[in-house]
Structure formats: C-alpha cells, structure tokens
Amino acid sequence: MAQFTAHPSAIIDENCEIGEGTKIWHFSHIMSRCKIGKRCNIGQNVVVSPQVILGDNVKVQNNVSIYTGVICEDDVFLGPSMVFTNVINPRSAITRKDEYRKTIVRKGASIGANATVVCGNEIGQYAMIGAGAVITKEVPAYALVYGNPARQNGWVSEYGHKLAFDSQGIATCPESGEKYRLLDNVVTRIERKN
C-alpha cells in the first residue's frame, strides 16, 4: 500500500486506493472503491464516496462531500464547503442510485467556497468558479464564472489571473508571462515562459 498519512479520527474503508504523499485530516471518511491520487490534501470533515476518482495533487478544503459520479483530474482545488450533487431530482422515498450523473472537473480547475455544482456538468481545465456560484451547465476551459446561476465573466490564466485580450485575441498572464489566444470563444495557451 502506498504511503499516505491520516489523522487518527479519519475513517478509511477497505478497498480504497490512496496515493503516496496524500494527507487526510480530522473526521474525514474515505469510502470503499474510491481512488485518490498522489500528494492530495483531504481537509477536515470531508466525505469521499465510493467510486469517486481524484487525480494527483487535488486539494479538498474542509466540509466537502464528493459523491459517487464525481471525477476530479490532477491539480483541482475544491474550496471550503463547496457542494457536488449526483441526482438531478432527489426524493427521500425514491431510490435513484442507478441515476447518478457523472460530473467531471478537468485539470487545474478551481471551485470556490460554498459553490454548488449541479450533477452532469463538466468544468473545463483551469476554469475558475467563484465563491457561492451555482453551476447549472458546462463551463469552458479557462472560463471565469460566478453568480447564481453562474455566468461567465471573462477568462483566466493557468495561474488564476483574469486575462485581457488585445485586438488580435492575444493575452499575457501578468504572473507567468504565458501567452493565450482567444479564437471562436475558445482559449488556448500558446506560449509557456521558460
């Protein structure tokens, strides 16, 4: 078994895969058949449900429940008390475990504190979801979205800075110096600073 650390109050069920260097904090519950990558940080009072997949270096802040059907790729950030759902029309008296909808959070995306992601949607790579946002539809790569319901309000770099595109559709990240192109409402990184 890989070397990870867990607080004594954490509960880790059998048949979990947990990567090397991952840390699991107080009162968290890691349920069977989930897969957690290397160097993840699972905060206090987190639930990771069966069959959830977390890539490498995923940061899960306190009070987050990650339900069956959720996949987070590498370098995803899940802010404090953000919420995933996995059934579109839940009822207490009706079992809908065969109706779980898949939610995918692509590489490098960040979801702010107290945001809600309605199941069945994809969050594009390096997208940034503002605190308290309610995601009801797909979010493009590099998009900045916030509000209820969430609406796109620009684009961000891989370092999380808002991008200002010139008349040629080119923007430069002020921190990294990386360049991005906006073409047909799609952002791509075109140059990585060495």
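The values are calculated or read from the model by the stated rules, or taken from the named source; none is laboratory data. Computed from a prediction, not measured in an experiment: that's the story for all the values here. For neighbour counting, all protein chains shown are included, and Cβ atoms are generated from backbone atoms with ideal geometry for every residue, glycine included.
The residues on offer are 147, 130, 169, 177, and the sole one that is surrounded by fewer than 17 Cβ atoms within 10 Å (Cβ to Cβ) and closer than 26 Å to residue 116 by Cβ is 147. Within region 48-60, the set of residues being crowded, with 20+ Cβ neighbours inside 10 Å and either touching a Pro at 6+ places or on another chain (Cβ under 9 Å) or part of a strand (DSSP E or B) (or both) comprises 48, 54, 60.
Figure legend. Inter-residue proximity from region 170-189: first residues of a type in the set (S, T, N, Q), second residues surrounded by fewer than 18 Cβ atoms within 10 Å (Cβ to Cβ) and part of a loop (DSSP other than H, G, I, E, B), beta-carbon distance below 6 Å, spacing 6+ or different chains. Indicated pairs: 176/159; 176/193. With respect to the conditions (1) farther than 30 Å from residue 147 by Cα; (2) touching a strand residue (DSSP E or B) at 6+ places or on another chain (Cβ under 7 Å), residue 8 falls short on a single one, namely (2). Condition test on residue 99, is it surrounded by fewer than 16 Cβ atoms within 10 Å (Cβ to Cβ), at pLDDT 95 or above and not assigned by TED's automatic domain parsing to the domain that holds residue 187? No, not satisfied.
Applying the condition of being under 21 Å from residue 116 (Cβ atoms) and small (Gly, Ala, Ser) to region 18-47 and asking which residue is surrounded by the fewest Cβ atoms within 10 Å (Cβ to Cβ) yields 43.
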